[in-house]
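Here the structure comes first, spelled out in structure tokens, and everything after it is commentary.
The values are calculated or read from the model by the stated rules, or taken from the named source; none is laboratory data. Since the model is a prediction, treat every value here as computed from it, not as a measurement. Note that we place each Cβ from the backbone using ideal geometry, even for glycine, and neighbour counts take in every protein chain shown.
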Amino acid sequence: MDVFSALQTAVSGLKAQSFSLSNISGNIANSQTTGYKRIDTGFVDMLVDSSNTRNQTAGSVGAFSELTNSIQGNKVSTGVSTNMALDGEGFFVVRKKTTDAGGSESFSTANLYTRRGDFAPDKDGYLVNGAGSYLVGASLDPVTGQTNGTGAIKISNAIIPAKPTTTITYSANLPKSPATTTAASSKGLLSAFSDGTDARVTPANGATGGTVSQSNAQSLIDNSVAGPALTVYTASGSPVSIQSRWAKVAAGDAAAGTSDTWNLFIADKTSVAGNQTSWSNMGQAFTFSASGQLTAPTGSTVPINNLTVDGVNVGSVGLDISGGLTQYAAASGTVTTNDLKQNGYASGSLNSVEVGENGIISGKYSNGSVIGLARIEVAQFVNPDGLKPDSLGNYQQTVASGEAIIGLKDSAVVGANVEQSNTDIAAEFSKMIVTQQAYSANTRVMSTAQTMISDLLNVIR
């Protein structure tokens, strides 16, 4: 290599260090940019071609950018419920809004990818981040929970309609010896009433249920224990208070081959003290083996037909006992409820939203319901550093990155948080000092080469 080549090599060194300084300045400038991924600089030597390996000499140098898309920044709480950060790998899928010649707005069909999660609703309810990119995902039907469309996520403030109660989920343990008011004389069993009416349902009598009149209501109360009590909803969202009582109607006899049998009675009014209401037998005999296991009914759901309270008809409701109904000895002699809930609710307006770890955006409504509204879309890449950086913190898919793989995998979404830039100011300052020294050293090479060239010209003189 001659002195002129040395001068050219120094120039390439100046260019490479200038390129490095440009990346450093960009990293420092974006140290507070949400979701920014710093760009490091790599260098590669370019040797002078020679047929003799013993005469190889250093050539010029090239600089290239090294992305750090796979390095996560710190998460910081913002208190904004629609903000979100990814804990782990992956990118939020976003799209840009476009405007045609007529002024109509629409969303582009091309997906972009970002770690910037400072999303908030715009004037139309669409979730958009601070750089103007709109979050993409699947919208969920608030009533059925099923996906009803994909695209830019919109949080609607519309009132959700009422949902009638169709299922009551119930699991409990009934006491082997119920502590009824008349237990000392009746052994906790309900018998026929003194007026000759009998509302019991047992395997022996084959009855399908009956009504306990108000005149016999106190007798039912004295010979039964409190059952489940909860509020259910009609199709219009009207709340209806359900009161019930469990009555043991037959004691098992191993010799006779009979089983302990219970009936569930439901009050026809909300006021259940004394003789203020009549009671309806739901029409099912619940039988238990000697070991306390339910033997009948065998299905997981028992129908409550034509449920009516205070003249308000709720309709047919299924009593889901798949969680377990048992009869074990209980010192209290009362029913122990393990689970009791229903699937209806009144209409409600949106109060707030929250983002779950699974990427589900849920709405909290004035009626107390928490309903899934949307599921965000997260993309994974085999080589995330192969993505092409776009403006505004977005990235484009490339051949080097591979195809987008939709799903969270092992990552999680952290609501009310954003991811900070992964730039370390101290490290950037250190790199800047090294770059400055390397740049200065290359200028010394240039000045030395210039001096040598001048000396060579002076020889001719």
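Quick look at the values:
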read-out: So Ala427, is it in the same structural domain as Ala29 (by TED's automatic domain parsing) and either part of a strand (DSSP E or B) or without any contact (Cβ under 8 Å) to a residue 60 or more places away in the chain (or both); value: yes
read-out: Output for segment 417-461, where each listed residue is closer than 25 Å to Val61 by Cβ, of a type in the set (A, V, I, L, M, F, W, C) and more than 42 Å from the chain's Cα centre (by Cα); value: Met432, Ile433, Val434, Ala438, Ala441, Val445, Met446, Ala449, Met452, Ile453
read-out: Subset of segment 123-177 (residues that are of a type in the set (Phe, Trp, Tyr) and over 30 Å from Ala235 (Cα atoms)); value: Tyr126, Tyr134
read-out: Pair list, Cβ < 8 Å and 6+ apart or interchain, from segment 65-78 residues that are under 17 Å from Asn394 (Cβ atoms) to residues that are surrounded by 14 or more Cβ atoms within 10 Å (Cβ to Cβ) and among the hydrophobic types (A, V, I, L, M, F, W, C); value: Ser65/Ile39; Leu67/Ile39; Leu67/Leu387; Thr68/Ile39; Asn69/Leu387
read-out: Tabulated pairs, segment 392-414, first assigned by TED's automatic domain parsing to the domain that holds Ala85 and in contact (Cβ under 8 Å) with a residue 60 or more places away in the chain, second in a strand (DSSP E or B) and of a type in the set (Lys, Arg), C-beta under 8 angstrom, 6+ apart or interchain; value: Tyr395/Lys388; Gln396/Lys388; Gln397/Lys388; Val414/Lys75
read-out: Positions within segment 100-129 being closer than 23 Å to Pro384 by Cβ, of a type in the set (Gly, Ala, Ser) and out of contact with any Leu (no Cβ under 9 Å at 6 or more places or on another chain), in sequence order; value: Ser108, Ala110
read-out: Residue within segment 109-118 that is small (Gly, Ala, Ser) and surrounded by 15 or more Cβ atoms within 10 Å (Cβ to Cβ) present; value: yes
read-out: Residue within segment 100-113 that is modelled with pLDDT of 95 or more and of a type in the set (D, E, K, R) present; value: no
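This table checks each residue for (1) in contact (Cβ under 8 Å) with a residue 60 or more places away in the chain; (2) on the phi < 0 side of the Ramachandran plot; (3) out of contact with any strand residue (DSSP E or B) (no Cβ under 6 Å at 6 or more places or on another chain).
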site: Ser215; (1), (2), (3): yes, yes, yes
site: Asp222; (1), (2), (3): no, yes, yes
site: Ala229; (1), (2), (3): no, yes, yes
site: Val240; (1), (2), (3): yes, yes, no
site: Ser244; (1), (2), (3): no, yes, no
site: Gly252; (1), (2), (3): no, yes, no
site: Trp279; (1), (2), (3): yes, yes, no
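Residue-by-condition table, conditions (1) hydrophobic (A, V, I, L, M, F, W, C); (2) closer than 25 Å to Gly257 by Cβ:
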| position | (1), (2) |
| --- | --- |
| Thr181 | no, no |
| Leu189 | yes, yes |
| Phe193 | yes, no |
| Asn205 | no, yes |
| Thr211 | no, no |
| Ser219 | no, no |
| Pro228 | no, no |
